Amino acid sequence: SKGIIGMLEVILADFDRTGTAVQQQEKDAATAFDTFKTQSEADTASKEQAVQTKEGEVTVIADTLVGLKDDLSGAEKNHQLALDELQKLNAMCVAGEESYEERVEKRQKEIEALKEAHDMLENWKN
């Protein structure tokens, strides 16, 4: 059958073959899309979780930083107070108005005065 009917049969066979091929391509494309969609959703979910985790870490680090800055401020204040106190002590002890010899002489006079007072108290009833 080479006539019109033969030609129509060939066309019909081509349409059937093309329809089957297109349906298979659509199934393959749908499967590939579903796979891609599933992977993309999983990837998006994992990245959103990572973002939340990192944001939590940033919050913790920021809080720690604030605490450390407060500690630093307190330590700097304590350091300055210690330096001020050291300066006062230096003025009183090291660079005082009295020399070592003057302090020794003053202490000796105090000791003598205490000995005299002690003797007076001991000899008071005698």
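The condition of being small (Gly, Ala, Ser), over 27 Å from the mean Cα position of the chain (by Cα) and in a helix (DSSP H, G or I) does not hold for residue 46. Number of residues in the stretch 1-13 that are part of a helix (DSSP H, G or I) and either open to solvent by 60 Å² or more (accessible area, probe 1.4 Å) or in contact (Cβ under 8 Å) with a residue 12 or more places away in the chain (or both) equals 8. When the stretch 89-102 is filtered for residues that are surrounded by fewer than 10 Cβ atoms within 10 Å (Cβ to Cβ) and in a helix (DSSP H, G or I), the ones remaining, listed by number, are 93, 94, 100, 101.
Can you tell me which residue among 105, 76, 85, 41 is open to solvent by 80 Å² or more (accessible area, probe 1.4 Å) and over 46 Å from the mean Cα position of the chain (by Cα)?
Numbers: 76 fails: over 46 Å from the mean Cα position of the chain (by Cα); 85 fails: over 46 Å from the mean Cα position of the chain (by Cα); 41 fails: over 46 Å from the mean Cα position of the chain (by Cα).
Answer to the selection: 105.
Kindly evaluate residue 54 against the criterion of being open to solvent by 100 Å² or more (accessible area, probe 1.4 Å) and either touching a residue at least 60 places away in the same chain (Cβ under 8 Å) or not hydroxyl-bearing (Ser, Thr, Tyr) (or both). Yes.
The values are calculated or read from the model by the stated rules, or taken from the named source; none is laboratory data. The shown structure was predicted, so the numbers you read here are calculated from the model rather than taken from an experiment. With ideal geometry, Cβ positions are generated from the backbone for all residues, glycine too; neighbour counts draw on all protein chains shown. Note: areas computed on protein heavy atoms with side chains; ligands, DNA, RNA excluded. Shrake-Rupley method; radii C 1.70, N 1.55, O 1.52, S 1.80 Å.
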